[in-house]
Structure formats: C-alpha cells, structure tokens
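Peer 1: Sharing a structure, written as structure tokens. Questions coming.
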Amino acid sequence: MVVKLLRQESPPPNRQENDLIPGRQFLAPGFQFMTDRGESRKITLGELAAMTGGRVCGDENVVLSNVAPVDKALPGELTFLSGAKNYATHLESAKTTRAAALIAPEDAPELPLPSLRLKNPYMGLVKALQFFFPEEKPGYLIHPAAFVSEDADVAEDAIVGPMAVVEAGACIGSGARICSQAFVGRGARVGRNSLIHPGARILHGCEVGENCIIHANAVIGSDGFGFTLDNGVHIKVPQVGNVVVEDNVEIGACVTVDRATMETTHIGEGSKIDNMVHIAHNVQIGKKCVIVAQVGISGSTILEDYVTLAGQVGTVGHVRVGKGATVAARGVVTGDVEPGSFVSGFPIKPHSEERKILAALRKLPDLLKKVRDLEKQLETKE
C-alpha cells in the first residue's frame, strides 16, 4: 500500500465541499491524506456476513467501499459500533452517521441503517479491515540492494528488502518477509510467514517462529545485563545463550529481548508484547501472555501462561507470576504471584486491598486537619 501526500487546492474528486469532515480531509492546510490501492475494493453487507458468520439486519445488498469511525464515515462506508466504555456515545452517533452500514453487537437495539450483528463485533471489524486493506507485497524477492550471504538458507518465496542483511548460516522460512534495513544474524532463524519490520534485529543464534511479527527497531538477542565486581571493576559476564520466540508471537517497536547467559530466553506461543518493553536474560514467558508498553521484566523471571502485565509494570528478578494472573499498571512485582490473582501497587498486593489503601489516603488531609483541631482543643483546655 502506497501512501501519498497530495497537494489539494480544492476538494478531491467525487467529494463535495460539505463532504469534508474534520479529521478526515487534511493532515495540514492544503494537504489531503490519500491511499493508493489501485481500484477500490467493494463488498456487500451480505458477503461480509458470509465471511464473518454474522447476521444481517436490513438491506444485505448495500455496497461498501471502506471502513471509517462512526462519527467520520461517509456514504458508502462501513462503520463500527463497539461494546467498549464509549458504547453509549457511539450508539448515539450511530443515529446520525452518514455510513451505509455498521457492525454491531448481537444485542444492540434497533438501528436506523443496515447492520451486521456479531457476538464479537471486533472480529467483524478485523475481517472488514483485512478485506479493504490487504497486505501488499513488493515486486521483488531479494532486492538488489540487500546483502544475503551465500551460506544463508533463504526460501525461494521469501522476501528480503533493500539494505537488509542476512548473515551466514541464517535460515529464512517460506513466505517470510525481511523488510528494509532489518538484520538477521549468523545462525539465526525466521519461521514461515513471519514479518520482520524495518530496522528490527534478530541477532546471532536466535529463533523466531512461524507467523510472527517483529516491529521496527526491536532487538531479539541483545546481551543480558550481567557483570561481576572484581577489584572495584565491573567485569562483563559473557552472554552465550539465545532467544527463542515461538509461533504466532507479536513483538512491538523498540522492544529488547536479551539473550540468556547460557541457556534460552523464551517467549511462548501466541504471546503479544507492546512497544518499548524490556525482557531481561533468562526470562521465561508462557503461552498467550499480554505485556503492555514500558514493562520491565528482570532476569530469570517466569510468567506462566495467560499472564497480563499492564503498562509500566516492573518485576524484580527470579520471581514467578502464576497462570492467568494480572498485574495492574505500574505494579511492582517483588515476590511470587498466585495463579489467577489480580494485584496492583508497590509492592504488589491484592487489587481490592490496594484500592482501599488509596481510598484511605484520599481522606488523609481531612484526618490530619481533624487531629490538629483536636490538639488545639486539648491545648486550650490545659
């Protein structure tokens, strides 16, 4: 998909002046954001229902050409009524939207336009976005400006972009894509259909499984932070292990995953890691964990399956977070966390207890004032 900034002195073709909706028409005065996808893709609401297994209320033959937010959609476009916190606001906007149809939860009230009803409306949105914005691959396999070692094993249908480097002994699986300026070190492996975004680094000996996405400037296999103090000098401990990322993992931009000192730092199947997360050496992350932005996980920590760490959570080293546990934002894990628990605070404690403490803290100024008043009364009596 090619993105263009086009100089516009007047509304674009097929758009009237009153069609220009705030937030849609201009990035800056005189410029319009346009997407060049060649011929516009179109689908009927009924066809989309067949793709998603949903139920149509209203005209199933309405033709759709794009997806847009409920308050910015134009005629002919599909919009989305979520079940999130702002559901009531979206429901009100749906009564006045200019969209041709919308995706809604199964139990949504009657709406003034055709709708696709789904138990999980987000999956309908996913299918619609995949249809209207399909991934487009470049017109080359190995770009002339790429460096690929003669001793690397690159599948015939893999793509290696300009200025990317694939070193000796590396293995790139079928359908994988190594984008421009990405780096795959000696002996590293990238599995089938995985996508390594520009500037990402898969360092020597590390493994990325199938159907993974590694976003821009992530580093897989940087040295663990290991030093020993000898005669007043910090001596680096060689980090000779690796990192293994299992299948269906997504790792955000600017994430660093340190290699183990001697064994393997491990990220389990289906886990999702947000931007700017640090995972230290020897960490073991289970299956289908969710780790939100700016989390720091110290060395040799174990996360069992289905753990959630919210934004800016930190852990000390050598702790275990049990299966299905959730640590709320900015929580600091200083000891083991029981499976299925919901904890927060510094140091962490059951979330209900932390909320009581915070509620009591809000009353502290009034309590202090009452204490001072009582002290004055006692002094007066004396």
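Peer 1: Can you pull out every residue in region 100-154 that is small (Gly, Ala, Ser), surrounded by 14 or more Cβ atoms within 10 Å (Cβ to Cβ) and closer than 30 Å to GLU167 by Cβ?
Peer 2: Residues of region 100-154 that are small (Gly, Ala, Ser), as a first pass: 100-101, 104, 108, 115, 124, 128, 139, 145-146, 149, 152.
Narrowing further to those that are surrounded by 14 or more Cβ atoms within 10 Å (Cβ to Cβ): 100-101, 104, 108, 115, 124, 128, 146, 149, 152.
Across region 100-154, the qualifying residues are ALA146, SER149, ALA152.
Peer 1: Contact list please: Cβ distance under 9 Å, first residue in region 355-382 and closer than 30 Å to VAL327 by Cα, second residue in a helix (DSSP H, G or I) and at pLDDT 85 or above, pairs at least six apart or on different chains.
Peer 2: Sorted first by the residue in region 355-382, then by its partner, the pairs are ALA360/LEU367.
Peer 1: Looking at region 106-113, can you tell me whether even one residue there is outside any loop (DSSP other than H, G, I, E, B) and in contact with a strand residue (DSSP E or B) (Cβ under 7 Å, 6 or more places away or on another chain)? Write out each step before concluding.
Peer 2: Step one: of region 106-113, the residues outside any loop (DSSP other than H, G, I, E, B) are none.
Scanning region 106-113, I find no residue that is outside any loop (DSSP other than H, G, I, E, B) and in contact with a strand residue (DSSP E or B) (Cβ under 7 Å, 6 or more places away or on another chain), so the answer is no.
For (1) over 26 Å from ASN248 (Cα atoms); (2) surrounded by fewer than 18 Cβ atoms within 10 Å (Cβ to Cβ); (3) among the basic types (Lys, Arg); (4) not assigned by TED's automatic domain parsing to the domain that holds THR256, each residue gets a yes or a no:
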{"site": "ILE285", "(1), (2), (3), (4)": "no, no, no, no"}
{"site": "LYS288", "(1), (2), (3), (4)": "no, yes, yes, no"}
{"site": "ARG330", "(1), (2), (3), (4)": "yes, yes, yes, no"}
{"site": "LEU368", "(1), (2), (3), (4)": "yes, yes, no, yes"}
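Peer 1: Of everything in region 332-362, what is surrounded by fewer than 14 Cβ atoms within 10 Å (Cβ to Cβ) and touching a Ser or Thr at 6+ places or on another chain (Cβ under 7 Å)? Give them in sequence order.
Peer 2: PRO347 - this is the single residue of region 332-362 that is surrounded by fewer than 14 Cβ atoms within 10 Å (Cβ to Cβ) and touching a Ser or Thr at 6+ places or on another chain (Cβ under 7 Å).
Peer 1: Every residue in region 327-353 that is of a type in the set (Gly, Ala, Ser) and assigned to a strand (DSSP E or B), please. Steps first, answer last, please.
Peer 2: Let us first name the residues in region 327-353 that are of a type in the set (Gly, Ala, Ser), namely 328-329, 331, 335, 340-341, 344-345, 352.
SER344, the sole residue that qualifies.
Peer 1: Got a number for residues in region 66-84 being closer than 15 Å to GLY124 by Cα and touching an Asp or Glu at 6+ places or on another chain (Cβ under 7 Å)?
Peer 2: Of the residues in that region, 3 qualify.
Peer 1: Shifting gears a bit: Consider only pairs whose beta carbons are under 7 Å apart and that are at least six residues apart or on different chains; among these, list those whose first residue lies in region 44-57 and is farther than 12 Å from ALA128 by Cα and whose second residue is small (Gly, Ala, Ser).
Peer 2: Pairs that qualify, where the first residue is farther than 12 Å from ALA128 by Cα and the partner is small (Gly, Ala, Ser), are GLY54/GLY124; ARG55/ALA49; VAL56/GLY46; VAL56/ALA49; CYS57/SER115.
Peer 1: Within region 255-269, can one find any residue that is touching a Cys at 6+ places or on another chain (Cβ under 9 Å) and on the phi > 0 side of the Ramachandran plot?
Peer 2: No, the conditions are met nowhere in region 255-269.
Peer 1: Suppose the filter is assigned by TED's automatic domain parsing to the domain that holds ALA68 and either in a loop (DSSP other than H, G, I, E, B) or buried (at least 16 other Cβ atoms within 10 Å of the Cβ) (or both); does PRO162 pass it?
Peer 2: Numbers: assigned by TED's automatic domain parsing to the domain that holds ALA68: no; either in a loop (DSSP other than H, G, I, E, B) or buried (at least 16 other Cβ atoms within 10 Å of the Cβ) (or both): yes.
It is false that PRO162 is assigned by TED's automatic domain parsing to the domain that holds ALA68 and either in a loop (DSSP other than H, G, I, E, B) or buried (at least 16 other Cβ atoms within 10 Å of the Cβ) (or both).
The values are calculated or read from the model by the stated rules, or taken from the named source; none is laboratory data. All of these numbers come straight from a predicted model, not from anything done at the bench. Positions of Cβ are backbone-derived with ideal geometry, glycine not excepted, and every protein chain shown enters the neighbour counts.
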